[in-house]
Amino acid sequence: MVIEVNEIENLNTVWPLPAQKKKIVIIGAGGIVSDAHLPAYKKGGYEVYGIYDPQVDKAVKCAKDFEIRKVYQNLAEAFEEQDVIFDIAVPPSVLLGVVQRIPKNSTCQFQKPLGSSLDEAREIITLVKAHKITACVNLQLKFSPMMLALNAAIKKNMIGTITDLEVNLSVSTPWHLWPFMENLDHVEVPLHSIHYLDWIISILGKPKGVFCKSVGHPLLPKM
């Protein structure tokens, strides 16, 4: 099947911006924040008002590099802010403890995965509902321009009926940049392939069942 260039150009590849951009307070100042979240917020014209990390030097560096007004001394101080979006970008092993302290009626974005286990994820969801927190998990692949274009092509029936879908990756991920991962029971699927699984679900819907197998890598004996 051949898709004309002008057809591709007419596809909607833009996700609409919010009517009102609220200020952002970030919990966590690791690599995912300094290398991804903060550059994206800057490019999108969002104001990051404050940042907190137990390692104060990391928070200070992010504040300096991205002109963030406030560096909080502790988590409680950060959660005193009102009418903001809390971007919670912490390791999965501590996410539940952070969620337990989020003020009621807050709006949050959680870094994936949602805790270290299915039980923790369920507990987090229970807390979110009980405290009337508006929350999402940062699974952004389905909102990327290329995937928005592909989704539009599928909806326009430009590629016909989908009978099979395959995602094939061959990448070298710099796992050493995130030393906390060495203490996790599972790494590749909940912190990487979860994006592709989420994208597949956005196209095909929720599956009736899933089989998964991952194996260790000889160059990463601690993971």
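The values are calculated or read from the model by the stated rules, or taken from the named source; none is laboratory data. Given the structure is predicted, the values throughout are model-derived calculations rather than measurements. Don't worry about glycine lacking a Cβ; one is built from the backbone with ideal geometry, like all the others, and counts go over all protein chains shown. These accessible areas exclude ligands, DNA and RNA; they are computed on the full protein's heavy atoms, side chains included. Shrake-Rupley method; radii C 1.70, N 1.55, O 1.52, S 1.80 Å.
Brief remarks on what is shown
- Here the accessible area is traced with a 1.4 Å probe on the protein chains. For segment 1-153, carbon and sulfur cover 54 percent of it.
- Taking each residue as 0.36 nm, the span from Ser172 to Glu123 lengthens on full extension beyond its C-alpha to C-alpha distance by 14.3 nm.
- Computed on the Cα trace of segment 119-215, the radius of gyration divided by the Kirkwood hydrodynamic radius gives Rg/Rh = 1.01.
- Counting only lysines at least 8 places from Lys23 when in the same chain, those with an alpha carbon closer than 27 Å to its own are Lys42, Lys43, Lys58, Lys61, Lys64, Lys70, Lys104, Lys112, Lys129, Lys132, Lys142.
- Percent of C-alpha pairs per 5 Å bin in the chain, short distances first: 1, 6, 12, 15, 16, 17, 14, 10, 6, 3, 1, 0.
- Here the simple spin-label model places points 7 Å from the Cα toward Cβ, and for Ala152 and Asn105 these points are separated by 3.9 nm.
- Cα shape, segment 124-181, gyration tensor, a/c 1.5 rule: oblate
- Available extension along the chain between Asp185 and Val215 is 9.6 nm, counting 0.36 nm per residue and deducting the alpha carbon span.
- Under the criterion of Cα pairs below 8 Å and six or more residues apart, the relative contact order for the chain equals 17 percent.
- Dividing the summed -39500 (n - 2.57) terms of all DSSP H runs of n ≥ 4 by the residue count of the chain sets its mean residue ellipticity at 222 nm at -9000 deg cm²/dmol.
- Using the 1.4 Å probe convention, the accessible area of segment 85-209 works out to 61 Å² per residue with neighbouring protein chains retained.
- Contour minus Cα-Cα distance for Leu75 and Lys206 (0.36 nm per residue): 43.6 nm
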